[in-house]
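Report on the structure given below.
The values are calculated or read from the model by the stated rules, or taken from the named source; none is laboratory data. Computed from a predicted structure; not experimentally measured. Using ideal geometry, Cβ is built from the backbone for each residue, glycine included, and neighbour counts are taken over all protein chains shown. Note: accessible area is taken over every heavy atom of the protein model, side chains too, but ligands, DNA and RNA are not part of it. Shrake-Rupley method; radii C 1.70, N 1.55, O 1.52, S 1.80 Å.
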Amino acid sequence: MTRIGHFVDGKRTTGDSERHGDVFDPATGRRTGQVALACAADVAGAVEAAERAARSWRDASLARRTAVLFAFRELVHARRDRLAEVITAEHGKVLADAAGEVQRGLEVIEYACGIPSALRGGFSENVSTEVDSYSLRQPLGVVAVISPFNFPVMVPLWFVPVAVACGNAVVLKPSEKDPSAALLLAEWFTEAGLPDGVLNVVNGDKEAVDALLDHPGVRAVSFVGSTPVARYVHQRGALAGKRVQALGGAKNHMVVLPDADLDLAADAAVNAGFGSAGERCMAISALVAVEPVADALVARIAERMARLRTGDGRRGCDMGPLVTAAHAERVRSYVESGVAAGAVPVVDGRTVTPDGDADGYWLGPTLFDHVTPDMSIYTDEIFGPVLSVLRVGSYDEAVELVNANPYGNGTAIFTNDGGAARRYQHEVEVGMIGINVPIPVPMAYYSFGGWKASLFGDLHAHGADGVAFFTRGKVVTSRWLDPRHGGVNLGFPTQT
Ligand code: NAD
């Protein structure tokens, strides 16, 4: 069993806390590690190391910062298979999904390599006679990143490369369920030339999060997780005077209009509903079928689901286990409540025979038809492989349903009518939209974030918003008198 500690000031540490959490391999149910759960003193030690490092890192030239980022990119790229294995061992997602997550993270590192362009300011000559104005952006100091279990590499990489490229020092608090990948990232960043203390990893739970939110040395917090915790982090951090962006949960709808390509829509529903066992913030969990399309669509989805293999992520299966025994139990209880509420289980994931250890946290993909908006399988974020079909009579009813939902992370529309798609993108109150694309995946150079209960704060992750979040602006107005015009003569020869 591995002891998993912290990474502070360029080295692994065990910390002072007596508290520990168990880390499991979800595909076998075996305990594989014990992670230290930081106390406030551990967090304070990491913040102090970051404060010391931030003082000189803010003055590192853009050339130096990008040299480190390029070297880090090469290390992560060369070792991406190892990183994927670590993700699968603690999260459970299949290796192909884990590799995809690493790829998305690499793209943000690559975006951060272009920080000299992204950080450029503006210049206005002669705003008044011999007076110029210009703007510049400077780092905040120490920033905290708090990440969820479902993307142990990609979500930290949404923030850390951009924050560091902007000249900040970071304290990263990964999920205690799959903490190992973040430690590797920090070690590899150091190997790439990042000075000690610029990136620190503190493992822990609520106690560590609260210590970061309350610590006066932390200037900003980037959080990703469930909506109740995101709301709490936003409020507590803002109360302490910090800049906070807190990305929350989701209930993503896919609307299928009667003219859609049903094979394309069915493929998309299966991939986006059950990929990574539905443990994705961009997973589709509500399929809104605009009649008369539902019967044909449900049949096509069920047919594809029959071919899905649930099992150990290392065995080439399509879908892995759920992350913990407790989460698997929770998702199973949603399936039970859907049946009890009268939804029709077209495919019941409880009956699956997994290709894996009997003690893994298994639940197969489940498809419910005739779901109504009052059922808990619709109202709640299940975060598992459960797809609910809601039947509506018109496009207007579909939009009304999506907009009435408290979440607004992602949505998709399937149609061959460009006008309908354009109207949907205009009318829907959701931050990220796919048109004939199930999951609008995060593109590093655009910013990623939802609306409503899916994001608290203003700025989204990475891209231009990320740079804005991790810097603050200054505007300089300067006058340099020209001796020819009566200014102070500094001894320069004046030309006539
Ligand atoms: P979570 O909210 O349980 O945990 C997220 C982080 O907060 C973890 O680091 C955890 O240690 C910490 N935490 C947990 N409870 C806390 C508390 N009471 N006080 C302070 N800190 C606490 O989320 P999770 O289960 O790890 O991740 C899944 C959730 O994240 C889902 O709701 C999913 O939709 C969401 N998510 C959202 C996005 C997005 O872009 N909007 C991306 C990924 C995941």
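Measuring nothing but how far apart in sequence close Cα pairs (under 8 Å, 6+ apart) lie, relative to its length, the chain scores a relative contact order of 18 percent. The distance between label points at A404 and S133 comes to 4.9 nm (points 7 Å beyond Cα on the Cα→Cβ vector).
Taking the inverse of the average 1/r across all pairs of different Cα atoms in segment 193-335, what Kirkwood radius in Å do you get?
Values: mean 1/r = 0.0538 Å⁻¹.
Final number for the Kirkwood radius of segment 193-335 is 18.6 Å.
Computed from point charges on the beta carbon alone (+1 for Lys and Arg, -1 for Asp and Glu), the dipole magnitude for segment 18-94 about its Cα centre is near 340 Debye.
Label-to-label distance, K474 versus T14, with points set 7 angstrom from Cα along the beta-carbon direction: 4.4 nm. With coordinates expressed along the principal axes, the C-alpha atoms belonging to segment 316-377 extend over 35, 22, 15 Å, beginning with the largest.
Three principal axis extents of segment 252-435 based on alpha-carbon atoms, in descending order, are 50, 30, 28 Å. Using the Cβ-Cβ distance between R315 and H370 with R0 = 22 Å, the FRET efficiency computed as 1/(1 + (r/R0)^6) comes to roughly 0.05. Distance from the Cα centroid of segment 110-160 to that of segment 35-69 is 17 Å (rounded to whole angstrom). What is the log10 of I(q)/I(0) for segment 1-124, computed with the Debye formula using one identical point scatterer on each Cα and no solvent, at q = 0.16, 0.18 Å⁻¹? Summing over Cα pairs of segment 1-124 leads to -1.07, -1.17.
Relative contact order, percent, of segment 252-435 when contacts are C-alpha pairs under 8 Å separated by at least 6 residues? Contact order relative to length: 28 percent. Compared with the dominant principal axis of the Cα atoms in the chain, helix 62-78 is inclined by about 30°. Magnitude of the charge dipole for the chain, about its Cα centre and with charges confined to Cβ atoms of Lys, Arg (+1) and Asp, Glu (-1), is about 1460 debye.
Between helix 40-57 and the chain there is an angle of about 50 degrees, using the helix long axis and the longest principal axis of the Cα atoms.
Here segment 252-435 has 49 percent of its accessible surface on carbon and sulfur atoms, given a 1.4 Å probe and all protein chains in place. Calculation over all alpha carbon pairs of the chain in 10 angstrom steps from 0 returns a P(r) of 4, 19, 27, 24, 15, 7, 3, 2, 1, 0 percent.
What is the distance in Å between the Cα centres of segment 309-323 and segment 366-391? Cα centres, segment 309-323 to segment 366-391: 22 Å. What does the helix-only formula give at 222 nm for the chain: each DSSP H stretch with n ≥ 4 adding -39500 (n - 2.57), the total divided by the residues, and the result rounded to the nearest 500 deg cm²/dmol? Mean residue ellipticity, 222 nm, calculated: -12000 deg cm²/dmol.
Counting heavy atoms of the protein chains only and a 1.4 Å probe, report the per residue accessible area for the chain as a whole number of Å².
Working: 19970 Å² over 496 residues.
Accessible area per residue, the chain: 40 Å².
Please give the contour-minus-distance gain from Q425 to D359: 0.36 nm per residue of separation, less the Cα-Cα distance, rounded to one decimal in nm. Don't skip to the answer; put the middle values down first.
Details: separation 66, 0.36 × 66 = 23.76 nm, distance 4.43 nm.
Length gained between Q425 and D359: 19.3 nm.
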